[in-house]
Structure formats: structure tokens, C-alpha cells
Amino acid sequence: MDIGIIGSGNMGAALGQRFAGSGHRVLFGSRDADKGRALAEKAGNGAQSGDFAAAAKFGELLIYTVRGVFPSALLGDVTTLAGKIVIDVNNTDLTPDARPIDPGGPTLVEQLAADVPAARVVKAFTSTPAQVIALPRYKLAEAQVATLICGNDEAARAQVMHLASELGFSPVDCGGLAYSRTVDGAADFVRFQIANRGLGPFAVLSLRVLSP
């Protein structure tokens, strides 16, 4: 697939490098041209770099990693996202205007989906830090590391689950975006264990079904 990475932070770098290593065509979109080029060079396998708009145009699937900004504010013209899968990897600390998420209102990914209604928005990789994503496939598969995935478009959700499996994850289908609050809660639990309980960034979720 052609995968555009919107944002060149830790999550964008890790996912872009893993997908490039899995044989996908990747373009790193960054506001810092030098940083984008450096990521592309490190990823190898023909990875490219450009600005956010270039990544949005390039990818048939986009990984949205920019914190605190919705796509319409970042890109201006979001028509390039129409029909494309947009994976939101952000957690729900704050809305883009720095207010806490309303526990009775829409989640951050639901707000993002409303911002780009023509895109096929899927939430994934939010419970796994960049350090875990960067691990080789066999390490993730061996530990059956779960990634929780939700999205209203079933075909898009299935595609993201397939891509997650390619990287070595054990994807968990969490249904539509109505369940994103449950996914957010699970990610918050992992982050609590990582930071507050001192387990470090390699603490992960693993969901298994036992035989009775």
C-alpha cells in the first residue's frame, strides 16, 4: 500500500519504519523537512518525505499522529482524504483547544471523524508506545501483543487489523467508534501501569481466549 505518515514524532517514525520494512511504500510528512528526510533515509526501502499535504495526497492509507490539531486545521483542504483510511493513533488527554475530553460527549476520535466525514477513520495503536511498535515482528507475535482497533467502516477496520497483524500484533476488533471510549480506557490503563506503576514503556496488553 501507499502509506502517508502525517507527523514525524515517535509514533509516526516507528510506524513508518515498520511499514516500510514490511514492503509498503511510505512517505513521511513533517513540518521539518530535514527531520522528514532523515526518517525516510533511516527507514530505507524507497521511503520518501514531504510536508503534511504531500503525505495526505500520497497515501491511500494515512496515519494521523499530530497531537492537538484536527486535520481540517492542519491541512486546510481535507478533500484529499475522501475515501481514504485514516488511522488515528492519538490518546485522549486533551481536545485540540486544550480542554479535557467531556466524559459525556464524543471521544477524540469521534470528533476527528466528524472533522473529516468523507474519510474512513479507524482508531488503532493507542495502547502501544512507540518503543513497542519499533520491536521486530517476532517479539510482538511471541508475546501476542494486542492492539485495540475500532472504526465504523468494517472494511477499513479489517484492513487495519490485517496491517497490524503484518507487524506482529494480535489485533482486537472492538467494533465501531461508539466503543472508542472503551479503547481509550484500556489505553489509559496501560499508560497508568507504564508511568504511575513504574513498569516502563514495554508494558503491554495481551488478550487471549482460553479453552474451557
Does the stretch 123-137 contain any residue that is open to solvent by 20 Å² or more (accessible area, probe 1.4 Å), in a helix (DSSP H, G or I), touching a Gly at 6+ places or on another chain (Cβ under 7 Å) and at pLDDT 95 or above? yes
Enumerate the pairs (first residue in the stretch 148-167 and within 21 Å of Val26 (Cα to Cα); second residue anywhere and open to solvent by 30 Å² or more (accessible area, probe 1.4 Å) and part of a helix (DSSP H, G or I)) with beta-carbon separation below 7 Å, excluding pairs fewer than 6 apart on the same chain, so at least 6 apart or on different chains. Leu167/Arg18; Leu167/Arg137
Scan the stretch 144-160 residue by residue and report those that are of a type in the set (A, V, I, L, M, F, W, C), open to solvent by 30 Å² or more (accessible area, probe 1.4 Å) and under 16 Å from Arg208 (Cα atoms). none
For the stretch 27-51, give me each residue that is open to solvent by 10 Å² or more (accessible area, probe 1.4 Å), in contact with a helix residue (DSSP H, G or I) (Cβ under 6 Å, 6 or more places away or on another chain) and over 18 Å from Ala134 (Cα atoms). Gln48, Ser49
Give the residue that is surrounded by the fewest Cβ atoms within 10 Å (Cβ to Cβ), with candidates limited to residues of the stretch 166-199 that are outside any helix (DSSP H, G or I) and aliphatic (A, V, I, L, M). Leu199
Apart from one, (1) surrounded by fewer than 20 Cβ atoms within 10 Å (Cβ to Cβ); (2) at pLDDT below 95 all hold for Ala54; the odd one out is (2)
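The values are calculated or read from the model by the stated rules, or taken from the named source; none is laboratory data. Given the structure is predicted, the values throughout are model-derived calculations rather than measurements. Because the Cβ atoms are built from the backbone with ideal geometry, glycine has one as well, and the counts that use them run over all protein chains shown. Protein only, heavy atoms only, side chains kept; ligands, DNA and RNA dropped before computing areas. Shrake-Rupley method; radii C 1.70, N 1.55, O 1.52, S 1.80 Å.
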